[in-house]
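S.K.: Here it is, the structure, as structure tokens.
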Amino acid sequence: MSAGQPPFDSPEIRRLTPVLGPGHTYASVTDKISAIVLTRPTSLGWFIGFAIAFGLTGLMTVAIGWLFIKGTGIWGINIPIGWGFAIVNFVWWIGIGHAGTLISAILFLLNQKWRTSINRFAEAMTLFAVACAGIFPLIHTGRPWMAFYMFPYPSTMGIWPQFRSPLIWDVFAVSTYGTVSLMFWFVGLIPDLATLRDRAIQKPTKIIYGMLAMGWRGSARHWQRYQSAYLLLAGLATPLVLSVHSVISFDFSVSIVPGWHTTIFPPYFVAGAIYSGFAMVITIAIPLRKAYGLEDYITMRHLDNMAKVMLATGLIVAYGYFFEFFLSLYSGNKFDVFLVQQRLHGPYAPFYYSLILCNILTPQLLWFYKIRHNVVVLFIMSIVVNIGMWLERFVIVVISLTRDFVPSAWGRYSPTFWDWATYIGTIGMFVTLIFLFVRVLPAISIAEMRELVAETSEKKE
Amino acid sequence: MILHRSHIYGVVGEFETPEKLIHAVEKVREAGYRRFEAYSPFPVEGLSQAMGLKRNLVPLITLIGGLTGGIGGFGFQYWVAAITYPLNIGGRPFNSWPAFIPVTFELTILGASLAAVFGMLALNKLPQPHHPVFNVHRFSHASTDRFFICIESRDAKFHLAETARFLQGLEAHHVSEVSDD
């Protein structure tokens, strides 16, 4: 423990790092947050950031356009490595999305007040990550215009999807997840849209927010039903978020490929998803609070708590790695034992060691109070974890597929320019959407901040 | 003085804090008013009890939605896999129910969530772009930092002047009538 650090989780720490800065009223939180959208001039930095991100989105569009013309041959995939970047990136993006639902649903049910100022943009992040994720399996089908085959519809051919296949479970899990996340986010937004409608000065702005707010007027009867619906959605989203990455892990674990066919996959995938998701929330929160002066709302307490969640889930992931390793050796199955050797000594071993470095070793620094409270270090660490989680999916997909049962079926995989262009392009699309979101919608829930003001003022009295 | 004018929706009074709102709501109920509504910029704890609101129907609708999604989802998969499109793969059973659980689960959640959101909106009669209370100029503060009570003209006890005086007696600011157009 470093010197001068107050005892762990003492009232002293709570006073030093509150969830809301002192001296705020209903009007001040409303003014501050709605001003970002309504009155603050758009900064030059916003335009520059948006232009870069939008340029990368353009790169993605070109990459996908070229893919549609030439087919999946422009990628590095081959037989036996049919999955490659598309599935690695799909799992990575879906994983990132998980923190949003976790923050908004599970922390809501656990009555964690600190979720209030981060839940809105974490939910937005979930939606945008799911949108990026959804692109990959779609374009990976090779003929995306036939993607509707995956949905059950009465076709003239009289055929139906195979409901015993994890790939169909995936379709249902991801589309349900996208739909429920969207509704959860929108329901949370309704009171804030009403605030923006009432505060908008220009007529068109008023009309647009007014239509979106659907005539919300904050009546007590409405609030009562609203709160029921919100609580129920939180209760429904909680098992949903756990199920989504479990179903995605089934894509792997239901098959018999060495390194995939293991029962530890669902919990270890879910923990990894939350891990990468919290890393992404930190990656977004730190520049956001800085750029818009939101240090009173996204306080050090939030960053500290998120870092702790990251540390805890990182340890679960480490446990998963260990048991994956142990079970392979303990099983005595020679294919599984061989796969472990390939991870440690095979052609992709550097990826495996980088993964251990990024995901297990580096995050141990988060045990230190000083590291958790150093914004720059925390930001870098969140990016390291994001890279680590991407490497994890790469290791899982590529090493197993290049080294399965028969040496004659072994292969090698290396991504092409178009693989990278698509991947980096989706990051551009994600950042573009985040930029648009902070510009046109309140990045922090205003209604919930007012509730927080009411609660903190009650305590003082 | 004209009583029960058709173009008067009610009388609205403004309060500064949630505590004053709850206190006023209790007084309004004690005075015998029944057709009134409170408006607040965030859900105020204890307001539903003070207004004597009953439990709402959202949970029941959500349960029905969830059951429909779950039973419908499982039934549909059974119909596809065992009746309309059976595939004999190595003699395995057509009704391989454990393999249907993930989709059944997802559809249960989907059905319940859709029911919760659309049920809530329907019961609240939203979207409803216009409402008479929006005619009150100061009502735009109801989404920022002010709390309102509107006693509606359809209440049996409603009397424009007396009700307005009554609200003023509760320390309401800016008591004004709400026109109905």
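The values are calculated or read from the model by the stated rules, or taken from the named source; none is laboratory data. Nothing here was measured: the structure is a model prediction, and the numbers come from that model. Quick reminder, even Gly has a Cβ in these numbers, built from the backbone with ideal geometry, and neighbours come from all protein chains shown. Accessible surface is based on the protein model in full, side chains and every heavy atom, while ligands, DNA and RNA are left aside. Shrake-Rupley method; radii C 1.70, N 1.55, O 1.52, S 1.80 Å.
S.K.: Residues in the stretch B:7-15: is at least one within 30 Å of B:HIS131 (Cα to Cα), at pLDDT below 90 and open to solvent by 10 Å² or more (accessible area, probe 1.4 Å)?
M.R.: yes
S.K.: Determine which single condition B:ARG138 fails, assuming it passes every other condition in (1) more than 38 Å from the chain's Cα centre (by Cα); (2) assigned by TED's automatic domain parsing to the domain that holds B:GLU152.
M.R.: (1)
S.K.: Looking at A:ASP336, is it away from every other protein chain (no Cβ under 14 Å), closer than 24 Å to A:ASN111 by Cβ and open to solvent by less than 50 Å² (accessible area, probe 1.4 Å)?
M.R.: Criteria not met by A:ASP336.
S.K.: Something else about it: For B:LYS27, work out the one condition from (1) free of Cβ contacts under 8 Å to residues at least 12 places away in the same chain; (2) more than 8 Å from chain A (Cβ to nearest Cβ) it doesn't fulfil.
M.R.: (1)
S.K.: From the list A:LEU109, A:LEU167, A:LEU138, A:LEU102, which residue is over 30 Å from A:ILE446 (Cβ atoms) and either hydroxyl-bearing (Ser, Thr, Tyr) or touching a residue at least 24 places away in the same chain (Cβ under 8 Å) (or both)?
M.R.: The match here is A:LEU167.
S.K.: Can you give me the ranges of the helices (runs of 4 or more DSSP H) entirely in the stretch A:162-256 with at least 1 residues that are acidic (Asp, Glu), closer than 30 Å to A:VAL91 by Cβ and touching a Leu at 6+ places or on another chain (Cβ under 9 Å)?
M.R.: By residue number, A:220-253.
S.K.: Something else now. Just one of (1) over 24 Å from the mean Cα position of the chain (by Cα); (2) within 10 Å of chain B (Cβ to nearest Cβ); (3) among the polar types (S, T, N, Q) trips up A:THR205, so point out which.
M.R.: Among (1) over 24 Å from the mean Cα position of the chain (by Cα); (2) within 10 Å of chain B (Cβ to nearest Cβ); (3) among the polar types (S, T, N, Q), the lone unmet condition for A:THR205 is (2).
S.K.: Among the numbered criteria (1) surrounded by fewer than 18 Cβ atoms within 10 Å (Cβ to Cβ); (2) touching a His at 6+ places or on another chain (Cβ under 6 Å); (3) of a type outside the set (Ser, Thr, Tyr), which single criterion is violated by A:ILE274?
M.R.: (1)
S.K.: Kindly check whether there is at least one residue in the stretch A:447-457 that is under 21 Å from A:ALA285 (Cβ atoms), outside any helix (DSSP H, G or I) and either within 14 Å of chain B (Cβ to nearest Cβ) or of a type in the set (Lys, Arg) (or both).
M.R.: No, the stretch A:447-457 has no match at all.
S.K.: Please work out which one of (1) away from chain B (no Cβ under 11 Å); (2) surrounded by fewer than 24 Cβ atoms within 10 Å (Cβ to Cβ); (3) in a helix (DSSP H, G or I); (4) in contact (Cβ under 8 Å) with a residue 40 or more places away in the chain is the condition A:GLU295 fails and give its number.
M.R.: (3)
S.K.: Determine if the stretch B:48-70 includes at least one residue that is closer than 16 Å to A:PHE172 by Cβ and within 10 Å of another protein chain (Cβ to nearest Cβ).
M.R.: Yes, there is a match, as at least one residue in the stretch B:48-70 is closer than 16 Å to A:PHE172 by Cβ and within 10 Å of another protein chain (Cβ to nearest Cβ).
S.K.: Quick one: which of B:TYR33, B:TYR78, B:TYR85, B:TYR39 is surrounded by fewer than 21 Cβ atoms within 10 Å (Cβ to Cβ) and touching a residue at least 60 places away in the same chain (Cβ under 8 Å)?
M.R.: B:TYR33
S.K.: Quick check: anything in the stretch A:179-202 of a type outside the set (Asp, Glu), open to solvent by less than 30 Å² (accessible area, probe 1.4 Å) and under 26 Å from A:ASP251 (Cα atoms)?
M.R.: yes
Condition check ((1) modelled with pLDDT under 95; (2) of a type in the set (A, V, I, L, M, F, W, C); (3) open to solvent by 10 Å² or more (accessible area, probe 1.4 Å); (4) in contact with a strand residue (DSSP E or B) (Cβ under 8 Å, 6 or more places away or on another chain)) across all residues:
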position	(1), (2), (3), (4)
A:SER400	yes, no, no, no
A:PHE405	yes, yes, yes, no
A:SER408	yes, no, yes, no
A:PHE417	no, yes, yes, no
A:ALA421	no, yes, no, no
A:ILE424	no, yes, yes, no
A:ILE427	no, yes, yes, no
A:PHE430	no, yes, no, no
A:LEU433	no, yes, yes, no
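S.K.: A:ARG289 is checked against (1) within 19 Å of the chain's Cα centre (by Cα); (2) without any contact (Cβ under 8 Å) to a residue 12 or more places away in the chain; (3) facing another protein chain (nearest Cβ under 9 Å) and fails just one. What number does that condition carry?
M.R.: (3)
Residues are listed down the side, and each one gets a yes or a no for (1) open to solvent by 30 Å² or more (accessible area, probe 1.4 Å); (2) facing another protein chain (nearest Cβ under 9 Å):
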residue	(1), (2)
B:ALA116	no, yes
B:ALA122	yes, no
B:HIS131	no, yes
B:HIS137	yes, no
B:ILE149	no, no
B:GLU152	no, no
B:ALA156	yes, no
